[in-house]
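Encoded as structure tokens, the structure appears first; notes follow it.
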Amino acid sequence: MTFSHSHLLGIEPLAPTEITTILDLAEQYVALNRREMKHADALAGLTQINMFFENSTRTQASFELAGKRLGADVMNMAMQASSIKKGETLIDTAMTLNAMHPDLLVVRHPHSGAVDLLSQKVKCAVLNAGDGRHEHPTQALLDALTIRRAKGRLHRLNIAICGDIAHSRVARSNILLLGKMENRVRLIGPPTLMPAGIAEFGVEVFDDMKEGLRDVDVVMMLRLQRERMDGGFIPSEREYYFRYGLDAEKLSYARPDAIVMHPGPMNRGVEIDGEIADDINRSVIQEQVEMGVAVRMAAMDLLARNLRARPREVLA
Ligand code: NCD
């Protein structure tokens, strides 16, 4: 098994073999999670702290469950209502954490780069659960595992990522991962929601859904991230749905066996038609949630192995 990192901050530093290592181990945890007895002891005796500076339901629950199934002591710190509001800096938070001796720290933060900064100040393994518009590595890994199981491979696929690319850390991590695994990635969305300079990432860009979806194997929809918009990025939600919302007609341009994905939370009737989201023959959205727990178990297991093999001072 190859995985040489102390933290999981993004997809960017990972080699393709390391991505495969995480996914292969996650497969074992998928099997464990389907059993009645779901306990393993890879994190026994370790302390996992979840710090979410942004609201989250599924990602936080997924990390919590993953830690508990592997035997860690898991604690959720309610950062919304806490000392940050009272003016504590990220560095002071790090000092406080060090005194509690956690082994794994799971962090979501509204600012790109904040999780990286924190990882330089704490003496434990840090997992990025989403930082601003930057990266959301475990989401891209769970998406990759879902695709690999549905399509039987994770290379040479045509994959469309659709919608609000500009505000999406999910899109960014997926573009990096799918590119590293040698897939062809297309981005589809209005020009106002396409980041500048995106073509440098080796992707094809479309502003028409039917054209962009032609013959793709995977259709990945994104939520319209209203909370990150400060102006008129789209004319109206109705107009957006008309042009970019995934409905049966637009989906008919993709391959007949194309799968439909969404990281959640979904806005039904804005970026996706509810019936397509619920269609068990096309949608793998529930499977994505299941893979999320397994991938997080695998990532924490691998980081814990490296933590045990190295003196902590290295992390300081
Ligand atoms: C994503 C996120 O937070 O970046 N959601 C998630 O992790 N399940 C995508 C989103 O919020 O739209």
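The values are calculated or read from the model by the stated rules, or taken from the named source; none is laboratory data. The structure displayed is predicted, hence computed values, not measured ones. Neighbour counts are summed over all protein chains in view; Cβ atoms, including those assigned to glycine, are modelled from backbone coordinates with ideal geometry. We work out accessible area using only protein heavy atoms, side chains counted, and drop any ligands, DNA or RNA first. Shrake-Rupley method; radii C 1.70, N 1.55, O 1.52, S 1.80 Å.
Taking label points 7 Å from Cα along the Cα-to-Cβ direction, T2 and S252 give a separation of 4.7 nm. Using Cβ point charges alone (K and R +1, D and E -1), the dipole size of the stretch 137-286 about the Cα centre works out to roughly 580 debye. Lys-Lys pairs in the chain that are eight or more residues apart or on separate chains and whose Cα atoms lie under 30 Å of each other come to 18. When both the stretch 86-157 and the stretch 160-221 are represented by their alpha-carbon centers, they are found 22 Å apart.
Here the relative contact order of the chain, from alpha carbon pairs under 8 Å that lie six or more residues apart, stands at 22 percent.
Taking K and R as +1 and D and E as -1, what net charge do the other residues with C-beta under 14 Å from the C-beta of F233 add up to? Display every interim value, and only then the final one.
On the way: positive: R133, R223, R226, R228, R243; negative: D164, D207, E227, D230, E237, E239, E271.
Taking every other residue near F233 into account, the sum is -2.
What is the sum of charges around H109, taking Lys and Arg as +1, Asp and Glu as -1, for the other residues whose C-beta is under 9 Å from the C-beta of H109? Mind dumping the intermediate values first?
On the way: positive: R108; negative: E54, D131.
Neighbourhood net charge equals -1.
Taking amide H atoms as placed 1.01 Å from N in the peptide plane, the amide H of L127 lies under 5 Å from those of L8, L105, V106, V107, each 5 or more residues away in sequence or on another chain.
When the accessible area of the chain is split by element with a 1.4 Å probe, what percent falls to carbon and sulfur?
Values: 6990 of 13880 Å².
That share works out to 50 percent.
Working out 0.36 nm times the residue gap between D230 and R35, then minus their Cα-Cα distance, what length gain in nm do you get to one decimal?
Details: separation 195, 0.36 × 195 = 70.20 nm, distance 4.61 nm.
Full extension from D230 to R35 adds 65.6 nm.
Pulled fully out, how much extra length does the chain show between R268 and N76, if you take 0.36 nm times their separation in residues and subtract their Cα-Cα distance? Can you show the working numbers first?
Details: separation 192, 0.36 × 192 = 69.12 nm, distance 2.97 nm.
Difference between extended and current length: 66.1 nm.
Simple rule: put +1 on each Lys or Arg Cβ and -1 on each Asp or Glu Cβ in the stretch 137-286, find the dipole, and look at L251, S173, P195; the Cα lying farthest toward the positive end is S173.
Could you order the peptides 46-55, 202-211 from most to least packed, using the average number of other C-beta atoms within 10 Å per residue?
Numbers: 46-55: 20.7, 202-211: 15.2.
In decreasing order of mean packing, 46-55, 202-211 become 46-55, 202-211.
Selection among Y240, L224, I161 by position relative to the dipole of the stretch 137-286 gives I161 as farthest towards the positive end (Cβ unit charges, Cα centre). The relative contact order of the stretch 137-286, computed from alpha carbon pairs under 8 Å that lie at least 6 residues apart in sequence, is 23 percent.
Per residue, the chain exposes 44 Å² of solvent-accessible protein surface, assessed with a 1.4 angstrom probe and all protein chains in place.
Excluding L32 itself, calculate the net charge of residues whose Cβ lies under 9 Å from the Cβ of L32, where each Lys or Arg counts +1 and each Asp or Glu counts -1. Intermediate values should be presented prior to the final figure.
Values: positive: R34, R35, K38, R69; negative: none.
Surrounding charge for L32 is +4.
Placing a label point 7 Å from the Cα of E88 along the Cα-to-Cβ direction, the residues of the stretch 21-64 whose backbone N falls under 15 Å from that point are 49-54.
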